[in-house]
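The values are calculated or read from the model by the stated rules, or taken from the named source; none is laboratory data. None of the values given here were measured: they were computed from a predicted structure. Reconstructed Cβ throughout: ideal geometry from the backbone, glycine too, with neighbour counts over all protein chains shown.
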Amino acid sequence: MAKRVASVDKKRCAACGACLSACPKGAVSVHKGCYAVISADVCVGCGKCGKVCPAGCITVKERETNEA
Amino acid sequence: MKRKWYDYLWIWTIVYFALGFFNILFAWLGMIDFLVPLGFALFGGNKYFCNRFCGRGQLFAKLGGSCKCSRNKPTPNWIASKWFRYGFLVFFLTMFAVMIFNTYLVAAGAENLKEALKLFWMFRVPWGWTYTAGLVPDWIAQFAFGFYSMMLTSTLIGLIVMVLFRPRSWCAFCPMGTMTQMICKIKNRGERE
């Protein structure tokens, strides 16, 4: 499991899906047109989604040890 | 990742704007980009249009990404803020209503057809070569000029923010995106992930 994981600020997310096409692992989905969701067990924490996010709402954080 | 047919919809955006240089009536085709996202949101409760089928978003991603026409700087926080997004949506819908009203005035015979574009809601650009008077009822042509002006203006704004900030910075405050997300939020309210 990668040490880092992307996290979405749902309040700022525009659900545009720029992150979808940027993710090399297919770890991102847009939940019912409302906000992006990162599948934590697939995410490798590369941060490509955060670099393209137009709303700047994705940050890569250290994975919590107890996180799945 | 394997490319799908819809990954090439950026070509549609270029074709759409190119057609408007030859015959303004093609501007009506832009209604597809207006109605399809609303259809997805209203009936499907999703933003598949923004996520997969938006040619404009793809074009920005391409020009700003692989063509390196973007500074790739973070979009300023205020642009992606709620008040700006909703404010811009209200402004855009108001301008849309004004455009519809102008079409109505021409249909009612109160105004003459103006064969010009209005860019950034201010600058009149003569565009008469794209239309032969009398080809269709005047109001149909008036709507085409108005709608194309709106489409071109929003794309130009999108290109400016693409260069200044991130490739798809426009998506942070795109009125269609804000409107469809709002519909999805209302449709899916009370639901948790």
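Below, the figures for the structure above:
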| read-out | value |
| --- | --- |
| Yes/no for A:Gly56 being in a loop (DSSP other than H, G, I, E, B), more than 27 Å from B:Gly190 (Cβ to Cβ), more than 7 Å from chain B (Cβ to nearest Cβ) and of a type in the set (Gly, Ala, Ser) | no |
| Of the criteria (1) closer than 23 Å to B:Phe22 by Cα; (2) in contact with a Gly (Cβ under 8 Å, 6 or more places away or on another chain), which one B:Leu117 fails | (2) |
| Single residue of A:Ala2, A:Ala22, A:Ala36, A:Ala18 found to be within 26 Å of B:Trp83 (Cα to Cα), among the small types (Gly, Ala, Ser) and more than 9 Å from the chain's Cα centre (by Cα) | A:Ala18 |
| Failed item, numbered, when B:Leu25 is tested on (1) touching a residue at least 40 places away in the same chain (Cβ under 8 Å); (2) under 16 Å from the mean Cα position of the chain (by Cα); (3) away from every other protein chain (no Cβ under 12 Å) | (2) |
| Residue check, B:Phe60 at the interface with chain A (Cβ under 10 Å from one of its Cβ atoms), part of a helix (DSSP H, G or I) and either surrounded by 14 or more Cβ atoms within 10 Å (Cβ to Cβ) or without any contact (Cβ under 8 Å) to a residue 60 or more places away in the chain (or both) | yes |
| Residue list for the range B:8-24, restricted to those being within 18 Å of B:Ser66 (Cα to Cα) and surrounded by 14 or more Cβ atoms within 10 Å (Cβ to Cβ) | B:Leu9, B:Trp10, B:Thr13 |
| Residue within the range B:132-140 that is closer than 28 Å to B:Cys54 by Cβ and not β-branched (Val, Ile, Thr) present | no |
| Selection from the range B:38-54 of residues that are more than 10 Å from chain A (Cβ to nearest Cβ) and either surrounded by 23 or more Cβ atoms within 10 Å (Cβ to Cβ) or closer than 20 Å to B:Leu89 by Cα (or both) | B:Leu38, B:Gly39, B:Leu42 |
| Filtered residues of the range B:168-193 (kept if modelled with pLDDT of 95 or more, over 16 Å from the mean Cα position of the chain (by Cα) and at the interface with chain A (Cβ under 7 Å from one of its Cβ atoms)) | B:Cys184, B:Lys185 |
| Residue identified as surrounded by fewer than 17 Cβ atoms within 10 Å (Cβ to Cβ) and farther than 28 Å from B:Phe101 by Cα among B:Arg168, B:Arg189 | B:Arg189 |
| Members of the range A:30-43 that are at the interface with chain B (Cβ under 9 Å from one of its Cβ atoms) and free of Cβ contacts under 8 Å to residues at least 24 places away in the same chain | A:Val30, A:His31, A:Lys32, A:Gly33 |
| Of residues in the range A:12-53 being assigned to a strand (DSSP E or B) and among the aliphatic types (A, V, I, L, M), the one farthest from B:Tyr48 (Cα to Cα) | A:Ile38 |
| Answer residue from the range B:107-139, given it is small (Gly, Ala, Ser) and in a loop (DSSP other than H, G, I, E, B) and is nearest to B:Leu156 (Cα to Cα) among those | B:Ala133 |
